[in-house]
Each structure stands twice: as structure tokens, then as C-alpha cells.
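J.: Encoded as C-alpha cells, here's the structure I'll be asking about.
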Protein chains: 2
Amino acid sequence: MNADSPTQPRWQRRKDARPSEITQAALQLFIQRGFAATKLDDVAKLAGVTKGTLYLYFPSKNDLFKAAIRETVLPSIQMAEQVVADSALSATELLRCLVEEWVRLIEESPANGLSKLVVAEAGNFPELAHFYLDEVVYRVRRVFGDILQRGIEASEFRPVNIEFTIKEIISPIILQTIWNHAFGPYRTERFDMREFTRFHLDILIRGIQS
Amino acid sequence: MNADSPTQPRWQRRKDARPSEITQAALQLFIQRGFAATKLDDVAKLAGVTKGTLYLYFPSKNDLFKAAIRETVLPSIQMAEQVVADSALSATELLRCLVEEWVRLIEESPANGLSKLVVAEAGNFPELAHFYLDEVVYRVRRVFGDILQRGIEASEFRPVNIEFTIKEIISPIILQTIWNHAFGPYRTERFDMREFTRFHLDILIRGIQS
DNA sequence: AATAATTAACCGACCAGTCAGTTATTTATT
DNA sequence: AATAAATAACTGACTGGTCGGTTAATTATT
């Protein structure tokens, strides 16, 4: 056993810092192993506390999940909404710019496994599915929908079906992130996401422009 | 309680029929609830036996899974390979034809939840991930790669990056099937997959043609 | 009667959530 | 300043339920 040095307490009271430490640890493990497969004991250990402490700050595993998501993705979405509302760029430029920025964000954020996580668990956790649909999916779609609408009105784009085109825009990006998180560990080759994104935008814009 | 009629035995010996009844039941539940979340007791009940019987035919849950996949998807892939090898259509027509046939198959098959299932569980079950990559993913990609190659050589398509274009082709379709299985139960609106597919092919072909 | 297929009771490991107790920190008292 | 009392952050053992896998007993078949 380690005789704990008397000057260093076994733990400290850190009421303010705990919640975000816990949500960050939780998000990391949820993304790494999935929601159902993640044990709260492991989350606690990674956050430097014990499981009991988790329940001081979050009433359930579900709530912990929701808190982690809120803390991580909502700022980015708000920023995107802001950019689209304020920017004076053409729809084409805005689309390019936003998608590329999105990919840049995805590549650097620890949250790039979120799509896969949610898709994988939605079926078994209705509460989480609804939460994600309302707070993330629909809002992101609206952002792209607005850009397309603007582009069509300005005759930059043909009068395409907007719902479908949104899917055309986001599908390759999202599926690739899902893919990376599902099979990444089993493939040696690296994939140049940025180059793929430029390629995707070229094809897509060529396909919808007037 | 029901006093079982003496003429009907409580169960019968059906050594030959059991395996496929069990794999079908397993596949259905795996797709419905995921691999980890599916209880073998439920598989057994759906197959009309008890859990012990499962272990007479399959040594483990993993083996049961692999057997179910093999039995279900390999035939379709072989058929697609055959079509591409034999057809005399132009690359454009072949692409359209194959994708639309693929979607038709997806819509009617009970196995249309397979992408989501595999993506969801791959991270926690390496054995299953490797199996699916080798036997399904790479083979499907090769089919589309061949079509693109042919189209480029015939100057129907620009000399696009083939790896990227394969992803362009399949991403919206696959992501939509994943989506349907992840969030389908929580959305009332129905989604016209066929119409979306036609739309997707229009945009895509417009984007890659010479 | 012998055998093979199937059942059903069982085991052991696992895990979300609980709670009685421990300990760091703050506040009141001298 | 020293100390005692009060507070609340934190721990860790425990519970109830679940589930993959096992096996002794039962039942159909030959």
C-alpha cells in the first residue's frame, strides 16, 4: 500500500471543474466504445473520480450523454448559423467555404465520431435519438437548406429539390467520418479527407449549377 | 394452462431445418437491435427453440453472426459481378441500371439494415469488421470501380479519381439506409428512396460526364 | 431399449444505480 | 490563531437484474 503523504489529500473538492471533466471523459469513451458498451466506472476513472461522484452531477447515464453533446456541438452549430446569416458571399462560395470549414473542424475535434455513435445507438435509445435529431440534425439541415434556397433564388443553382440536395451535400462527408470510426482501426491506408471534400464539392456544384 | 393434446409432441427433432431457421431469426434480431444488444434467449424464442439448442448448432454468438451474414449477402454480390462482366450497356446506362437495381433489392430485402448493423458494431467486434470488409465492402467497390474505368476509357466520363467517385456513388444510398434504420422509428414522414436515387444519379452523372 | 435432439434449470460475470460512511473544506466559537 | 462544529464533496461496497454459456434431465425417434 502507499502511505499517502499527509500533505496531499486523497482527493480534493472541485465542484466547478468536475462536470466538464466528467462530460469530456464520457464523450471520449462513448465515441470510442459506444454508449451501451461504456461502463460508468470507466468514465469515472478517466475523469479522476468514482462512479458515485458521477451521480452527484448527472442523474443518469442518459443525462450524462445529453450534457456531453450539448457542451460539444452546439457552439459549432450556432457559429455556422451566424456565418450563413451574416455572410455576403455568393451561395456557391458560401457552400464551399462552409463545407470545407466543417471538414476542418471535424478533422481536429475529438467529436468527429459523433455521427457514428448516434447512428449506432439511436435504435436502442429513443430518448437520445430524439435529442440528437432535434438539437443537431434538423438545425444542420436548415443551414444548408438556407444556402441552397439563396442559390436558387440568385439563379446560381438550378431549381433542385432542396431536401434531396442537402443529402447529396452531407452524405459523403458524414459517411466517411462514420467509416473512419467504424473501420479505421482495421485499415492501414490513410484517407485524405480534405482532397476528397474538394472533389466532392466540384462534382456536386457542377451537378446543380445552372 | 393448456394441456397439450397427446397427439402433438411438445417438440420435434428437425436437425436439418434448425440451422437456417436459427440464422434467419438471429439476423432479424441483430439488424433490429444490434449484435451486442440481442439476447440469445430471444433468438431462440423467435426460432422456436430454446437457447441450449442454439449451442448444438453454433459454438458461439460470433459464429452465429458470421453464418447469418454468409447465408444472406454473398449471392447478391455474385450476381452483380456477373451482370457487370456480361452486360453490353454503356457505362452510364450500366451505372444507372445497377444502382437502381441495388436500391430495389435494398428496399425489399430484410437485410437492408446490414450496413448500419456492421458500422455500429465493427468497433467492438474486430472479427466481424474484417469479415465484412473482405467479403462485402471491397467486392462491391470493385464492381463500381470497373464500371467507372470502362466509362472513362470510352470517354463517357471525365478522367475522375475513381476511388473518390465510388464513394460519391454509394454514399448517399448507404447513408440513407443507415439513417432509415437508425431513426426510421422516430420519423413519421416517409422517404421516397427510388426518387432520391434517380435524383442522385442525375446530379452525379451530370457531374462526372465529359 | 438405445440413442439423439431438445429442454430448462443453472452458473458466473457484468453493470447501472444506490447509499451509508469518510474526508476535505468552510464556518462559527473561543 | 487555534479549535471545534457543521457542511457537502466524494468514496466504495452493495444490490438487483441481465445475459452468454453449460449441463443434467427429459422427450422424441428408431
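The values are calculated or read from the model by the stated rules, or taken from the named source; none is laboratory data. Note that this is a predicted model, so its numbers are computed, not measured. Every residue, glycine as well, gets a Cβ built from its backbone with ideal geometry; the counts of neighbours run over all protein chains shown. These area figures cover heavy atoms from the full protein model, side chains too; ligands, DNA and RNA do not enter into them. Shrake-Rupley method; radii C 1.70, N 1.55, O 1.52, S 1.80 Å.
J.: Which trypsin sites (Lys or Arg not before Pro) in region B:113-200 pass both tests, a DSSP loop state and at most 14 other beta-carbon atoms within 10 Å?
T.: Passing sites in region B:113-200 are B:R187, B:R190.
J.: A follow-up question, please. Taking a quarter of the surface of the convex hull around the Cα atoms of chain B, what do you get in nm²?
T.: The Cα convex hull of chain B, projected and averaged over all directions, gives 15.5 nm².
J.: Then there's this: Taking the rotation that carries A onto B, look along its axis and tell me which residue of A has the beta carbon nearest to it, distance in whole angstrom.
T.: A:A120, 2
J.: Another question about this same structure. Where the Cα atoms of region A:33-107 are projected onto their three principal axes, how long is each span, largest first, in whole Å?
T.: Rounded to whole Å, the extents work out to 53, 21, 20 Å.
J.: Could you work out how far helix B:91-108 tilts from the main Cα principal axis of chain B, as a 0 to 90 degree angle to the nearest 10?
T.: Relative to chain B, helix B:91-108 is tipped by roughly 20 degrees.
J.: Of all accessible surface on chain A at a 1.4 Å probe, what whole percent is carbon and sulfur?
T.: Carbon-and-sulfur percentage of accessible area, whole number: 52.
J.: Taking just the alpha carbons, could you work out the radius of gyration and Dmax for region A:7-132, both in angstroms?
T.: Looking at region A:7-132, its Cα Rg and Dmax stand at 17.6, 63 Å.
J.: Taking Rh as the Kirkwood radius, which is the inverse of the mean 1/r over Cα pairs, what is the Rg/Rh value for region B:94-210?
T.: Ratio of gyration radius to Kirkwood radius for region B:94-210: 0.99.
J.: Distances from B:D42 to the same position in the other copies: list them in nm, one decimal, shortest first, using label points 7 Å from Cα along Cα→Cβ.
T.: 2.2
J.: Let me ask something else about it. Once the Cβ-Cβ distance between A:W11 and B:R70 is put in as r, and R0 is 60 Å, what FRET efficiency do you end up with, to the nearest 0.05?
T.: With a Förster radius of 60 Å, E is 0.70.
J.: Looking at region B:5-61, which chymotrypsin sites (Phe, Trp or Tyr not before Pro) are DSSP coil and have at most 16 other C-beta atoms within 10 Å of their C-beta?
T.: B:W11
J.: Looking at region A:1-72, which trypsin sites (Lys or Arg not before Pro) are in a loop (DSSP not H, G, I, E or B) and have at most 15 other Cβ atoms within 10 Å?
T.: Loop-located and lightly packed - A:R10, A:R13, A:R14, A:K15, A:K39.
J.: How far is B:R142 from itself in the other copies, in nm, if each label sits 7 Å out from Cα along the Cα-Cβ line, shortest first?
T.: Output for B:R142: 4.7 nm, nearest copy listed first.
J.: First obtain the Kirkwood hydrodynamic radius of the protein assembly as shown from its Cα pairs, then insert it into the Stokes-Einstein equation at 37 °C and 0.692 mPa s, and state the resulting D in µm² per second as a whole number.
T.: D, rounded to a whole number, is 137 µm²/s.
J.: For chain B, find the longest principal axis of its Cα atoms and tell me its angle to the long axis of helix B:18-33, 0 to 90°, nearest 10.
T.: Computed tilt is about 60 degrees.
J.: At 7 angstrom along the Cα-to-beta-carbon line, where would the label on A:S109 sit relative to the other copies? Give the distances in nm, shortest first.
T.: 3.4
J.: Please give the length that would be gained between B:C97 and B:Q32 if that part of the chain were fully extended, namely 0.36 nm times their separation in residues minus their C-alpha to C-alpha distance (nm, one decimal).
T.: 20.5 nm
J.: Quickly estimate the mean residue ellipticity at 222 nm for chain A, helices only: each DSSP H run with n ≥ 4 gives -39500 (n - 2.57), and the total goes over all residues, rounded to 500.
T.: -22500 deg cm²/dmol
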